[in-house]
Each structure stands twice: as C-alpha cells, then as structure tokens.
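Quick notes on the structure that follows.
Every read-out reported here was derived from the displayed coordinates using simple, explicitly stated rules and does not represent laboratory data. Owing to the predicted nature of the structure, the values given are computational and were not obtained by experimental measurement. All Cβ positions, even for glycine, are placed from backbone atoms using ideal geometry, and neighbour counts span all protein chains on display.
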Amino acid sequence: TPPVSLALQARIADDANRPFAEELQAALAERPRRISPKWFYDAKGSQFFDRICELPEYYPTRTELSILRSRAAEIAHQIGPDAEIVEFGAGSLVKIRLLLDALQSPRRFLPIDISGEHLRGAADLLRNDYPGLEVTPVVADYTRPFDLPARLPGAGRRVGFFPGSTLGNFAPDEALAFLRQAARLLRGGGLLLGVDLVKDPQLLHAAYNDAQGVTAAFNLNLLARANEELGTDFDLQAFSHAAFYNAPHRRIEMHLVSRREQVVTLDGRHHVFEEGETLHTEYSHKFTVDGLRAMAARAGFGIGPVWTDPQRLFSVHWLPA
Ligand code: AVJ
C-alpha cells in the first residue's frame, strides 16, 4: 500500500473525525453491516442532497413546500407570536423561509445541523434576507442528547420544525426516542413535523432510483468521504447503489453493494466484503397519518391538525407538546 501522506495523517488524527471513524469501524465489524445516514452529510453530500430535492422523480420536497406554502397562515396560527423556532437537520434553510414569512414576529431561529460548514453558509444567507431575525446556528448531532441555548427573555413558545420526512431515517425505536426527547425540549410549545406517506411502491422506487443517478452518487459519496477523511481504501468502482421498497416494513432501504470480493482497511483493521455483500446506509420509512399520530401520542405529544396535498403524497403535522 502507498505511504500515507502527512496531510492525510493529520486528518486521520483530527479529533473531529473520530466519531465517524468509530461508527464506520463498528459498522464494518457487525452483520448485517449498517451505518447511520447522518454520515452522508458532509459539505459535498449536502450539495448532492440539494440536487436530489430538484429531481423530477423526488416528489417529497416540492410536495411539502406546496403544503407549507398553501397552509402557512393556518400553521402560523397554531405556532403563535414571538416563537423561538428550532429546526432539526436544517440543511439549506429553504423551507423555514415559508414559515418565517407567515409568522407573527418570530423571536429567534435556531437551526441544528451536523454539517457545520454547510449550516454556517446557509445561516449567513438567511440573516441577509431576514435582517430583523436573530439566527443562532447550533452545530450538533441531534440524534444524541444535546443542549439548547437558554430561551431569550420575552420569547414566546419554543417550537420544533422537523420537515423532509427525516424522521423516517430512524429505526422505529429510535424515532420514538427522538420524539420523546423533542417533546421534553419543546414542552409548552409544539412540533411541526413533515413525514412522507405510504403510497404506490413504483412511485417510491423511482424517487430513490432517479434516472440521472444523483441518488446513487449521494449514496456512494459516503465511501468517498471515508476515503478522504479516514484514509480507507474503498474502491468506488466496485460498489453499486441499491434502493428498494420493503413493503412489510413500509420503508425504502438504501444499500451499497460490493460488486466483487474485496478487502477494505480502516485504521489497520481489515474487513472482507464478499461479492454481493452490502453496507446498509439508510432507512426511509413511510407513514400513515394515523400511525404517525399514534407514535407521537406515545412520545408525549398531543394531536393537532394535519395538512396533506390533494394526492396525499406527503403530510405535515402540528403536534402540541
Ligand atoms: C430527507 C433524509 C428523509 O429519506 O427521502 C433522499 C434522504 N435519501 N434520497 C429521504 C434521501 C435518498 C431523505 N431524507
């Protein structure tokens, strides 16, 4: 193997990379192999995701935007004046603008995202467009326990915003745990939650197997990122993207499939992939309105109004905390 460059050694030693290295090491050692989709979102991965949102086959983003746009006044009425909005997995901060335009004197916006560079860039753009708004980006992994800055004096209710059906990325027990933590954090306020609905499997399949191959590139970027940041030697040509609908579990599953037998090394440990062996990278659960409400109730939320598009592709829920 070629000598590892000093720059790369420095990056491998970089403390910021340890959680990724540790989780990947654990993922490669377990069977079946599974890693959290949160590792998709380095700066490049966040850009790939933004391109996915524009794809003709990927209906969730534009459908949720249309719901938020047409129901903004009703949603703002539920949230109330002077609110502090906390967004989980804030990404490029496009959807929040529809809410901000409709809300009465929002007091502060706290976007949380694991992708620090991407978040700070998006927060700067938002500040430019909303000069009166206090924007406090929080770089954190919201799948783990974390703290928020104290409420501002005179602020109204604290309200969570969790759009994009990102809730569907969790396993069911993790989703429940996340909602429990959110209910505690937002007590007295509420959560505005967007989730994708169960539908024709062919539509789902197309959304995660787009003709341009952007979703495949997004999936494979996880391995490219590992090679760059952790010095692994994944042969990107020897893995393919696989996404399919698992009907009994009501979820899309994304995997990276090894096209041949190969050995991958991370921090001196060797991992054999047999031909056809996979690394599972993402769940994307689909919900029914009633199923989602039952889970929210178990997590300690009340039940508020739900808004959907005419085709019932997607749903946005107001859940009082
Ligand atoms: C925004 C994370 C929910 O699962 O649909 C898009 C991510 N993965 N295409 C989703 C994603 C593949 C997306 N989430």
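The combined condition, being outside any helix (DSSP H, G or I) and exposed (fewer than 14 other Cβ atoms within 10 Å of the Cβ), is not fulfilled by VAL195.
Sort through ALA155, ALA182, ALA171 and tell me the only one that's touching a Gly at 6+ places or on another chain (Cβ under 7 Å), among the hydrophobic types (A, V, I, L, M, F, W, C) and either on the phi < 0 side of the Ramachandran plot or in contact (Cβ under 8 Å) with a residue 12 or more places away in the chain (or both). Only one candidate qualifies: ALA182. Filter the stretch 71-96 down to the residues that are closer than 15 Å to ASP309 by Cα and either in contact (Cβ under 8 Å) with a residue 60 or more places away in the chain or touching a strand residue (DSSP E or B) at 6+ places or on another chain (Cβ under 8 Å) (or both) and list them by number. If the condition is that a residue be closer than 15 Å to ASP309 by Cα and either in contact (Cβ under 8 Å) with a residue 60 or more places away in the chain or touching a strand residue (DSSP E or B) at 6+ places or on another chain (Cβ under 8 Å) (or both), then ARG71, GLU74, ILE75 are the ones that fit. Note on the stretch 148-180: residues that are under 14 Å from the mean Cα position of the chain (by Cα), surrounded by 15 or more Cβ atoms within 10 Å (Cβ to Cβ) and part of a loop (DSSP other than H, G, I, E, B) total 4. When the stretch 47-94 is filtered for residues that are within 16 Å of the ligand (Cβ to nearest atom), outside any helix (DSSP H, G or I) and touching a Pro at 6+ places or on another chain (Cβ under 7 Å), the ones remaining, listed by number, are GLU87, ALA90, LEU93. In the stretch 198-309, counting only strands (runs of 3 or more DSSP E) that sit wholly within it, the ones holding 1 or more residues that are under 26 Å from ALA182 (Cα atoms), within 16 Å of the ligand (Cβ to nearest atom) and touching a helix residue (DSSP H, G or I) at 6+ places or on another chain (Cβ under 9 Å) span 251-258, 278-285.
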